[in-house]
Amino acid sequence: MVASRVDVPSTDDLWRLTMEHSPVGMAIVSPAGDILTTNAALCDMLGYEPDALATMSFQDLTHPDDLAADLRLVDQALAGDISSYRVTKRYLCADGGVVIGDLSVALLRTPGGEPVHFISQVADITERQAFVERLDAAEAAADAERRTAHAVFESLTVGILQLGADGSFLAHNARLRDFIGLAFPEGHPGGTGLVGFTYDADQQRLLTVEELPSVRAVTGESFDDVLLWIGEDAGSRRALSVSSRPLHDRVGALTGAVLAYHDVTDSVRATKAKDDFVSTVSHELRTPLTTALAYLELLDESDDVSVEGHQQVAAARRSMLRLSHLVADLLFVTRAASGSQLVDPYRVDVATILAEAVEAASLDAERAGVGLVLHCPRSVVAVADGMRLRQVVDNLLANAVSFSPPGGCVTTTLVEGADTDDAQLVLTVADEGEGIDAADLEHVFDRFHRGDNARRLGVPGSGLGLDIVRTIVEAHGGRVTIESSPVAGTSVSVVLPR
């Protein structure tokens, strides 16, 4: 048997096969830069036919902005300073596009050291480079956002505190550090559970650990406008309004909380000064008003006064009564602010109270050309403070009459309903006026608030009526709501438990 002969490829054949089938672009380039041989991968990468590339040099394919750096490396290789190099450069494609290549070059020399040709390999990294650039841009944008957020965070006039689930301080801004320094002049370790010089809203006692907003927040509680005072010295203490929101991860587990500390010292002190002033003025006015009304009543009953004099006395008496009601409202507001008990409930007939209130309002309604209508059962017994309930109805009727046009009608309705298992009464006073401006609607129950429509129509008042209504109703455990539109007028509903 004769063994078969196996042909072994030569080194040149192996090199040619490797070059032709390599997925990486390859070229043989002369020392002068002329392209001697290329493979299919390089032709596909740059979009040229092999014959076209054979007439070109690497200088023709190199982006002008990258050519100088490439030529310096070629010169260093030809000078013998380096034998190979690797560089990222841009190539010009046949269609005018640009390919970013990772170029590896080795210089082949003769045994005598003379340069023969360059062996170049080019990997297309255009997509990878674009991804890197996008990633760099995203990181730069994220870093800029972080820097901006940090600058805003530190410049806020509101103290911000982020807590971890264990109560540790994860982040807080400069404003909060000021507050911490005031409450803890000896320093703070950075966690919940320390009281320091933190007082309740009345500055009468230190808060307990359980009452601290930070401790409450760590349990997941959400709250708004918790008032407290901080500082050892009473004269330099600051009032803070604290709000908190819990933080949760994607599965709903509690991961901490964020608290906001607003310095409301000036507002609290201004409100107290205003309340003190109102209280003082109200008490000082009450006695002379009572005396003046008594003398006016005597004059009105005297036979020595002319008809014209009686008319003048009646006008003065109406003005004094209006002033007396204003003083009574101010005194009520002062009492409510002090935390005193506002209502003394007992069994009353609410229907009778409504009927008397409507009758009392009829004089002003008649003078304004406004009709009054009452819809209610003959008798509705409930446990309530009759005097305060009458005050509610008087205020609602006075408002409704004042804002009704001549020829309009104010309708008062009392119905019995059921709210879940608890019996309730629903009192509604509706007018046919122009309605309340949308911007004022959410503030109508604010103390001393006067809407644009009141000023526009020239309706007198102190802005206390609806605040007093809400205070009395809530003291009874009820609620009050208001609806208003330019077409339907305004309707105030009071819901009271029986």
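Do you know which residues across the range 148-173 are open to solvent by 60 Å² or more (accessible area, probe 1.4 Å), of a type outside the set (A, V, I, L, M, F, W, C) and modelled with pLDDT under 90?
Thr148, His150, Ser155, Thr157
Would you call Gly190 out of contact with any Leu (no Cβ under 7 Å at 6 or more places or on another chain), more than 19 Å from Arg269 (Cα to Cα) and crowded, with 16+ Cβ neighbours inside 10 Å?
No.
If I ask for residues that are outside any helix (DSSP H, G or I), within 22 Å of the chain's Cα centre (by Cα) and of a type in the set (Gly, Ala, Ser), which ones from the range 161-202 would you list?
Gly164, Ala171
When the residues of the range 56-91 are narrowed to those that are assigned to a helix (DSSP H, G or I) and among the polar types (S, T, N, Q), which ends up farthest from Gln129 (Cα to Cα)?
Only one residue fits best here, namely Gln76.
Within the range 28-55, track down each residue that is in a loop (DSSP other than H, G, I, E, B) and in contact with a strand residue (DSSP E or B) (Cβ under 7 Å, 6 or more places away or on another chain).
Selection gives Ser30, Pro31, Gly33, Asn39.
For the range 342-375, give me each residue that is in a loop (DSSP other than H, G, I, E, B) and under 24 Å from Gly477 (Cα atoms).
Leu342, Val343, Asp344, Pro345, listed by residue number.
Give all pairs with beta carbons closer than 6 Å in which a residue from the range 39-58 that is farther than 14 Å from Val29 by Cα meets a residue that is open to solvent by 60 Å² or more (accessible area, probe 1.4 Å); count only pairs at least 6 apart in sequence or on separate chains.
Ala41/Pro23; Cys43/Pro50; Met45/Asp124; Gly47/Asp95
Within the range 141-195, which residues are in contact with an Asp or Glu (Cβ under 9 Å, 6 or more places away or on another chain) and aromatic (Phe, Trp, Tyr)?
Within the range 141-195, just Phe179 meets the criteria.
Between a residue in the range 293-317 that is under 20 Å from Val327 (Cβ atoms) and any residue that is assigned to a helix (DSSP H, G or I) and of a type outside the set (A, V, I, L, M, F, W, C), which pairs come within a Cβ distance under 6 Å, given they are 6 or more apart or on different chains?
Leu296/Arg317
Do any helices (runs of 4 or more DSSP H) entirely within the range 391-498 hold 2 or more residues that are open to solvent by 30 Å² or more (accessible area, probe 1.4 Å) and modelled with pLDDT under 85, and if so, which?
Of the helices (runs of 4 or more DSSP H) lying wholly inside the range 391-498, those with at least 2 residues that are open to solvent by 30 Å² or more (accessible area, probe 1.4 Å) and modelled with pLDDT under 85 span 438-441, 452-457.
Return yes when Gly47 is within 57 Å of the chain's Cα centre (by Cα), modelled with pLDDT under 95, open to solvent by 30 Å² or more (accessible area, probe 1.4 Å) and on the phi > 0 side of the Ramachandran plot and no when it is not.
Spelling it out, Gly47 is indeed within 57 Å of the chain's Cα centre (by Cα), modelled with pLDDT under 95, open to solvent by 30 Å² or more (accessible area, probe 1.4 Å) and on the phi > 0 side of the Ramachandran plot.
Looking only at the range 113-160, filter to residues that are outside any helix (DSSP H, G or I) and aliphatic (A, V, I, L, M); which one of those is nearest to Ala27 (Cα to Cα)?
Ile119
Yes/no per residue for (1) open to solvent by 60 Å² or more (accessible area, probe 1.4 Å); (2) within 47 Å of the chain's Cα centre (by Cα); (3) small (Gly, Ala, Ser):
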position	(1), (2), (3)
Glu297	yes, no, no
Ser324	no, yes, yes
Leu342	no, yes, no
Ala365	no, yes, yes
Ala384	no, yes, yes
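Look through the range 50-83, keep the residues that are among the polar types (S, T, N, Q) and under 22 Å from Leu108 (Cβ atoms), and return whichever of them is surrounded by the most Cβ atoms within 10 Å (Cβ to Cβ).
Looking at the filtered set, the residue picked out is Thr62.
I'd like the full set of residues that are surrounded by fewer than 18 Cβ atoms within 10 Å (Cβ to Cβ), on the phi < 0 side of the Ramachandran plot and not aliphatic (A, V, I, L, M), limited to the range 20-42.
Glu20, His21, Ser22, Pro23, Ser30, Pro31, Asp34, Thr37
Considering only residues that are open to solvent by 50 Å² or more (accessible area, probe 1.4 Å) and part of a loop (DSSP other than H, G, I, E, B), which ones fall in the range 203-236?
Gln203, Gln204, Arg205, Thr208, Thr219, Glu221, Ser222, Glu232, Asp233
The values are calculated or read from the model by the stated rules, or taken from the named source; none is laboratory data. Because the structure is predicted, anything quoted here is derived from the model rather than measured. We place every Cβ from the backbone using ideal geometry, glycine too, and count neighbours over all the protein chains shown. Side chains included, ligands, DNA and RNA excluded: accessible areas come from the protein's heavy atoms. Shrake-Rupley method; radii C 1.70, N 1.55, O 1.52, S 1.80 Å.
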